[in-house]
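Taking it in order: structure first as C-alpha cells, then the write-up.
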Amino acid sequence: MELKLISRAMSELCDAGTLDDVRQVLDELFSRLDIDQYAFINTGSSVRWGGSPMLVSNYDCRWQALYRSHGYQCSDPFLQRLHRCPLPFLWSELSSGLPGCESDLAFLACARGHGIDTARGATIPAHVRGEQLSSLHISQSMTNRRAREICARDAYLLSGVATTLHLRVGQLHGGGISEPLTRRERECLLWASHGKSQEDTAIILGISARTVRFHQENAMCKLDAVNIAAAVAAAVALGLI
C-alpha cells in the first residue's frame, strides 16, 4: 500500500506544473501516510528566492517566515547533520545525541514552539551527484500525541520522493539540465527504466554493451546522477523518457 502511494505521488510530482500542484501532491501523500508535517528545503544557489532557501511545506507560516528571515538554514542542526553524513536519519537520533550546544537547543525549542515535534521526525536527502542541496523533512505535530511513530522505513521509502522533488522543483524554476540528452542516451535510459541490463539493451538496440555503457555514463554526467537508477529517476522527473 505504501509503495503504491509513493509511486503514484512520484508520478504526479513529475507531472506537476506549479508549486501549488507540488503541494497538493505532498498534502495528499502525507495525509494518507499519517504524517502530519513536511518540508522540502533547497539551499542551493540554483533555486533561491532573494537569497533565502526555498521551502515547500505545510509547517506553520510563521515558522517558515522565521526560518527564512533568521537564515536558519545555516545553523539548522538537522541540515548540519546531513552535511556531515548525507543519509536518511531519524530526528530522535540527533535529539538524543546533541552535546547541549546552546544554538542547537534554542533552534529545537523554537521549532517545538511552532508545533513541530523534534523527537518524532526524519530527514531524507535528495541523492544527486556533488554537493547535497535539497532535503525532505517529515514530522508529527506537537499537538497530535496519538500520531504514529516515524520510523527508518519511512525515511528510506521516501528517498525517491526527495530526489523527484529536487529535480521537479528545480525544473519548475529554470533548473533543468544545461545540455540535452541525445536520442541514443534517452533510449539507453529508457530500457534501463524497464529493468534491462546493458547487455540486454545492446541486443535490443543493435549496438555493443560498451556503447550502451558509454551513452548511459554520458547521460549520468548531464543529469548529475550518482548511478544509473538516479539517472533514470532524473530523466523521468524531467520528462525526458
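The values are calculated or read from the model by the stated rules, or taken from the named source; none is laboratory data. Values in this document were obtained by computation on a predicted structure and should not be read as measured data. All Cβ positions, glycine included, derive from the backbone under ideal geometry; neighbour counts span all protein chains shown.
Before moving on, here are some points about what is shown:
- Candidate set from segment 130-153 (those that are at pLDDT 90 or above and buried (at least 20 other Cβ atoms within 10 Å of the Cβ)); member that is farthest from ARG112 (Cα to Cα): SER135
- So ARG81, is it assigned to a helix (DSSP H, G or I), modelled with pLDDT of 85 or more and basic (Lys, Arg): yes
- Evaluation of ALA234 against (1) in contact (Cβ under 8 Å) with a residue 24 or more places away in the chain; (2) exposed (fewer than 15 other Cβ atoms within 10 Å of the Cβ) (one fails), failing number: (2)
- Looking across segment 3-38, just one residue is over 17 Å from the mean Cα position of the chain (by Cα), acidic (Asp, Glu) and either surrounded by 13 or more Cβ atoms within 10 Å (Cβ to Cβ) or not assigned by TED's automatic domain parsing to the domain that holds ARG168 (or both), and that is ASP36.
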